1. Six or more apart or on different chains, Cβ atoms under 8 Å: show the pairs whose first residue is in the range 22-45 and within 10 Å of T102 (Cα to Cα) and whose second is at pLDDT 90 or above and open to solvent by 50 Å² or more (accessible area, probe 1.4 Å).
2. Taking the conditions exactly as written (touching a Ser or Thr at 6+ places or on another chain (Cβ under 8 Å), polar (S, T, N, Q) and touching a residue at least 24 places away in the same chain (Cβ under 8 Å)), does S61 satisfy them or not?
3. Residue under question is H101, and the condition is that it be open to solvent by 20 Å² or more (accessible area, probe 1.4 Å) and modelled with pLDDT under 95; does it hold?
4. For the list (1) touching a strand residue (DSSP E or B) at 6+ places or on another chain (Cβ under 9 Å); (2) without any contact (Cβ under 8 Å) to a residue 40 or more places away in the chain; (3) among the polar types (S, T, N, Q), I need the number of the one condition that Q72 fails.
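The values are calculated or read from the model by the stated rules, or taken from the named source; none is laboratory data. Model, not experiment: these values are computed from the prediction. Cβ placement follows ideal geometry from the backbone for every residue including glycine, while neighbour counts extend to all protein chains displayed. Only protein heavy atoms, including side chains, enter the accessible area calculation; ligands, DNA and RNA are left aside. Shrake-Rupley method; radii C 1.70, N 1.55, O 1.52, S 1.80 Å.
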Amino acid sequence: MASPNEPPLLPPDAVHTDPRGSITALPPFATAGTMVIESERGAVRGNHYHHDESHLMYVVSGRMIYIEDDPQLGICVAEVGPGQSVVSPKGVPHTTVFPEHTVFVTLSDVDRAGHKYEDAVVRVDPLEERPEVAPYLKDIGPLVTGEPQQRRRQG
């Protein structure tokens with residue numbers, strides 16, 4: 001499904017394959033920290049922005065629905081699949097919703113160790129609850145937030 005306002009998806013910089021397998025060069029991104037994150041179907045991550053951090057998210061397997069609230073364009077939505085990346089710019093509210101089990105890598109331009117991450121995050125109202133996002137989430141089922149055992153229904 002195409003969003004009228006879709007954040008740019010970034011393909012790998014290069015992929016080399018031979019009989020042993022493949023090597024994927026991610027798009028250029030200044031990196032101070034790297035995380036591998038697994039998310040289950042229905043998981044919601046984000047609903048925040050960072051004053052001083054941008055990060056690139058590269059999907060290894062599965063899919064994610066990336067949502068951002070761009071100050072000029074409003075709500076932007078993109079489905080990001082294996083081999084694709086998207087950048088969350090600093091200061092832009094964003095969230096991700098996972099329609100299936102997904103593994104992705106996040107490259108951050110700021111060190112996220114310890115309490116540094118939570119101290120620099122500004123929480124926002126759930127972007128996945130915005131009416132214009134509902135068509136992208138209709139087949140996922142119950143959404144699971146970061147609150148213990150909390151589930152939300154969209155719609």
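1. I37/R45; E38/H101; S39/R45; S39/H101; E40/H101; R41/E100; R41/H101
2. Numbers: touching a Ser or Thr at 6+ places or on another chain (Cβ under 8 Å): yes; polar (S, T, N, Q): yes; touching a residue at least 24 places away in the same chain (Cβ under 8 Å): yes.
So S61 passes the test.
3. Details: open to solvent by 20 Å² or more (accessible area, probe 1.4 Å): yes; modelled with pLDDT under 95: no.
For H101, the condition - open to solvent by 20 Å² or more (accessible area, probe 1.4 Å) and modelled with pLDDT under 95 - is not met.
4. Status for Q72: all satisfied but (1).
Per-residue answers, yes or no, for (1) open to solvent by less than 30 Å² (accessible area, probe 1.4 Å); (2) more than 24 Å from E118 (Cβ to Cβ); (3) part of a strand (DSSP E or B):
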site: I23; (1), (2), (3): no, yes, yes
site: V36; (1), (2), (3): no, no, yes
site: R41; (1), (2), (3): no, yes, no
site: Y49; (1), (2), (3): no, no, yes
site: E79; (1), (2), (3): no, yes, yes
site: K90; (1), (2), (3): no, no, no
site: T95; (1), (2), (3): yes, no, yes
